[in-house]
Amino acid sequence: MKIHPTAIVAPGAELADSVEVGPYCIVGPSVKLAAGVKLRSHVVIEGETEVGEGCEVWPFAVLGAPPQHSGYRDGDPGGLIIGARNLIREQVTLHRGSTFGRGVTTIGDGCTFYVGAHVGHDCEVGDNVTLTNGATLGGHVRLGDYVIMGGLSAILQRCRVGRYAFIGGAAGVVADVIPYGMVWGNHAKLEGLNLVGLKRRGFSRDQINTLRAAFRTVFGGAGNFADRVAAAADTYRDSPQVMEIIDFIRAEPTRPLASAAGQG
């Protein structure tokens, strides 16, 4: 364990032997740092916060601070659980859960949070997610695996974003985004599928073509939206990727969904 003499590690904090704590860091009494965690300098970690193996945290990041909620009272319970191998760059803020939600904010494995990114209270962030500079999540947001958020984009509280979706830079997302979808603009519209991301992640040509056909059925066809969803579910029932989109839509049918550009 390497702890710089200017760092403050409170009694009660649990640090693995291989943890590095750099100059002027502050680690609270209820914090747990797993093996290989590196705090470069001027990092603040407080509250009931767990940081997984191999995470690297850069200067002026704040992890586990109280939720930004007008009803929060000092001492209210809430936690932050961060998975393994996450890169957390300068001035990132990851807030702990609240009594107004599930009580914990969770971050998966292998995520990247670039300068100034923010994750609000009670959020659920999957694995291998990227938040570019200034990207912001309101409270209770759920991000699936491999989501990428462009710089200065923001997602309204309680929205869902499915796996492999792409949020364009400076987009203002106020409704749910389907898995594999791509949105941009303010307010963000569904501009199509995240084709570049799908190719990078190794999806086959047949899988992508099936997704494109299903997308046209659901978001570009005529008639009632629910009927189009049902038609796609019937036609492409053997495609796990298409059915992931269908299940995402049907899971919370009363929630607003980011509509395709040119539609309502």
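Here the spin labels are modelled as points 7 Å beyond Cα on the Cα-Cβ line, and at ASP76 and ALA16 they lie 3.2 nm apart.
Based on the alpha-carbon gyration tensor of segment 1-72, what equivalent-ellipsoid semi-axes (square roots of 5 times the eigenvalues) come out, in whole Å, largest first?
Working: eigenvalues 80, 32, 26 Å².
So the three semi-axes of segment 1-72 are 20, 13, 11 Å.
Placing a label point 7 Å from the Cα of MET243 along the Cα-to-Cβ direction, the residues of segment 159-203 whose backbone N falls under 20 Å from that point are 162-164, 178-181, 203. In this entry, the chain is assigned a mean projected area of 14.4 nm², taken as a quarter of its C-alpha convex hull surface.
Our estimate of slack between ALA226 and ASN186, defined as 0.36 nm per intervening residue step minus the Cα-Cα distance, is 11.8 nm.
The HN-Hα couplings worked out from phi for segment 161-178 by the Karplus form 6.51 cos²θ - 1.76 cosθ + 1.60 (θ = phi - 60°) are 10, x, 4, 6, 6, 10, 10, x, x, 6, 6, x, 8, 10, 8, 5, 10, 5 Hz, whole numbers, x standing for Gly and Pro.
For the chain, a Gaussian network of Cα nodes joined below 10 Å ranks SER70, SER18, SER30 by mean-square fluctuation, and the top entry is SER70. Comparing mean-square fluctuations of ASP247, ASP238, ASP122 from a GNM of the chain with C-alpha springs under 10 Å, the top value falls on ASP238. Proximity of backbone amide H atoms, modeled 1.01 Å from N, is registered between LEU190 and SER259, ALA260, ALA261 at under 5 Å, excluding neighbours fewer than 5 places apart on the same chain. Here segment 4-64 and segment 79-149 have alpha carbon centers that stand 17 Å from each other.
Given +1 on the Cβ of Lys and Arg, -1 on the Cβ of Asp and Glu, and no further charges, what dipole in debye does segment 113-228 carry about its Cα centre, rounded to the nearest 20?
In total the dipole reaches around 340 debye.
Taken about its Cα centre, segment 57-191 carries a charge dipole of roughly 100 debye when the Cβ of each Lys and Arg holds +1 and the Cβ of each Asp and Glu holds -1.
For the Cα trace of segment 76-179, dividing Rg by the Kirkwood Rh returns an Rg/Rh value of 0.93. In this entry, segment 110-237 is assigned a mean projected area of 7.8 nm², taken as a quarter of its C-alpha convex hull surface. Once the chain from ALA251 to LEU152 is taken as fully extended at 0.36 nm per residue, the excess over their C-alpha distance is 32.8 nm. Working note: 222 nm ellipticity from helices only, DSSP H runs with n ≥ 4, each -39,500 (n - 2.57), summed and divided by the residues of the chain, gives -5000 deg cm²/dmol to the nearest 500. Rg over Rh for segment 142-201 works out to 0.92, both radii taken from alpha-carbon positions and Rh defined as the Kirkwood radius. Dividing the convex hull volume of the alpha carbon atoms of segment 59-126 by its residue count gives 75 Å³ per residue.
Read-outs throughout are calculated quantities, based only on the coordinates presented, and are distinct from any laboratory measurement. Here the structure is a predicted model, which means the values were calculated and not measured. All Cβ positions, glycine included, derive from the backbone under ideal geometry; neighbour counts span all protein chains shown.
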